[in-house]
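Colleague: Have a look at this one.
The values are calculated or read from the model by the stated rules, or taken from the named source; none is laboratory data. Remember, it's a predicted structure, so these values are computed and weren't measured experimentally. Because the Cβ atoms are built from the backbone with ideal geometry, glycine has one as well, and the counts that use them run over all protein chains shown.
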Amino acid sequence: MSTIDTCDIKSMTIAELETFMGELGEPKFRAKQIFQWLHDKRVLSFDEMKNLPAGLREKLKTTCTITAFTIERKLVSAIDGTIKYLYRLADGEYVESVLMRYEHGISVCVSTQVGCKMGCSFCASTKAGFVRHLTPSEILEQVYAPARDTGERVDSLVLMGIGEPLDNYDNVLRFLTLVSAPEGLCMSHRHISLSTCGLVDKIYELADLNLQITLSVSLHASNDRVRDEIMPVNHRYKIPELMKACRYYTDKTHRRISYEYSLIKGVNDNAAQAKELAALLHGMLCHVNLIPVNYVEEAGFEKSGRQQIYAFQKVLQDHGINATIRRTLGADINAACGQLRRQAVKG
């Protein structure tokens, strides 16, 4: 198939752009110029690409599109400066990203799908249903749009917004290639975290690529009985199988895995479960990120009390497991992923 048939130009690598230039009868060196305009200067129109001949700019207008988002809503936290964005996509769908401020710099949390099919019972992202995968350029635009809006540099990324990144595997890999390209944003993979609910087959594939990203595994339970109840993916991949894949990832990449554990009152937060989790992770290169569960109306779950959370953390630490409690950002703007999209979809 000709590259010209469908041209989402912001999703193309330099090599693909070189091929595309050949199809348009243009020299290859134009590919790098276009890539830099899109990913370094992050322009939103071909007319801004001033070092391209007018004839080439006209060709690009008729054969390509530049993915750009409309900021539908923007919420800014008065507490910590966190910014939550709701974007309207070209097809009328909605997606979210969150800009977070830390001492070490600015991090942006991006979504990888419109909706989510994983069905985790405590998560708002899945409640409005799955619509489609995001393209590489649509994931990138969640990084570029906040940078344009604030005028600030993005220092790190987390793929922890709406959707399951490994369910959109090919587009996410291309995004990782594009965002790390020296001619563009040039972000090191070591500054990128990818969260998965545990698609075991894709964890193995990702490990073999040795990309040096930080893998975050949404575990949220210490045994199959509880995980079966709150995470449908566990019916496909049981915890022992998931742990085997995680050990493989660490052996291949030598990277520490972060295990996400949302504490739900009366479900997964007692001392026995903390001991069970410590035994499960014993000897692994890992870190546990304890998260007070976010309130989701349909789920009816309550977050564990402060004392219960600290007690759970202490059990893990006493058993040699590095565990921290996630700092809550943007509490006054409901910054948990999925909330704004659900409101927009409900209309």
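Colleague: I'd like the full set of residues that are in contact (Cβ under 8 Å) with a residue 60 or more places away in the chain and either on the phi > 0 side of the Ramachandran plot or touching a Gly at 6+ places or on another chain (Cβ under 7 Å) (or both), limited to the range 131-172.
Modeller: Matches in the range 131-172: 162 only.
Colleague: Another question, if that's okay. Can you give me the number of residues within the range 24-72 that are in contact (Cβ under 8 Å) with a residue 60 or more places away in the chain and of a type in the set (Lys, Arg)?
Modeller: The total comes to 2.
Colleague: Could you tell me which residue of the range 87-114 is surrounded by the fewest Cβ atoms within 10 Å (Cβ to Cβ), considering only residues that are in contact with a Leu (Cβ under 9 Å, 6 or more places away or on another chain), closer than 21 Å to residue 291 by Cα and of a type in the set (A, V, I, L, M, F, W, C)?
Modeller: 106
Yes/no matrix, rows are residues, columns are (1) over 24 Å from residue 172 (Cα atoms); (2) in contact with a His (Cβ under 7 Å, 6 or more places away or on another chain); (3) in contact (Cβ under 8 Å) with a residue 60 or more places away in the chain:
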{"residue": "197", "(1), (2), (3)": "no, no, yes"}
{"residue": "226", "(1), (2), (3)": "yes, no, no"}
{"residue": "248", "(1), (2), (3)": "no, no, no"}
{"residue": "262", "(1), (2), (3)": "yes, yes, yes"}
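Colleague: Something else about it: If the requirement is being surrounded by fewer than 20 Cβ atoms within 10 Å (Cβ to Cβ), more than 30 Å from residue 18 (Cβ to Cβ), touching a strand residue (DSSP E or B) at 6+ places or on another chain (Cβ under 8 Å) and not aliphatic (A, V, I, L, M), which of these qualifies: 84, 117, 74?
Modeller: Criteria check complete, one pass: 74.
Colleague: Now for a different question. Would you confirm whether or not the range 99-114 contains a residue that is more than 14 Å from residue 67 (Cβ to Cβ), in a loop (DSSP other than H, G, I, E, B) and among the acidic types (Asp, Glu)?
Modeller: yes
Colleague: For the structure I just gave you, tell me whether residue 249 is part of a helix (DSSP H, G or I), crowded, with 16+ Cβ neighbours inside 10 Å and either outside the structural domain of residue 277 (by TED's automatic domain parsing) or of a type in the set (Phe, Trp, Tyr) (or both). Break it down into steps so the answer makes sense when it comes.
Modeller: Numbers: part of a helix (DSSP H, G or I): yes; crowded, with 16+ Cβ neighbours inside 10 Å: yes; either outside the structural domain of residue 277 (by TED's automatic domain parsing) or of a type in the set (Phe, Trp, Tyr) (or both): yes.
When the stated conditions are applied, residue 249 passes them.
Here is a yes/no grid of residues against (1) crowded, with 20+ Cβ neighbours inside 10 Å; (2) assigned to a helix (DSSP H, G or I):
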residue	(1), (2)
177	no, yes
185	no, no
190	no, yes
222	yes, no
241	no, yes
269	yes, no
272	no, yes
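This table checks each residue for (1) part of a strand (DSSP E or B); (2) buried (at least 24 other Cβ atoms within 10 Å of the Cβ); (3) in the same structural domain as residue 231 (by TED's automatic domain parsing); (4) of a type outside the set (Ser, Thr, Tyr).
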position: 140; (1), (2), (3), (4): no, yes, yes, yes
position: 145; (1), (2), (3), (4): no, no, yes, yes
position: 149; (1), (2), (3), (4): no, no, yes, yes
position: 153; (1), (2), (3), (4): no, no, yes, yes
position: 157; (1), (2), (3), (4): yes, yes, yes, yes
position: 163; (1), (2), (3), (4): no, yes, yes, yes
position: 182; (1), (2), (3), (4): no, no, yes, yes
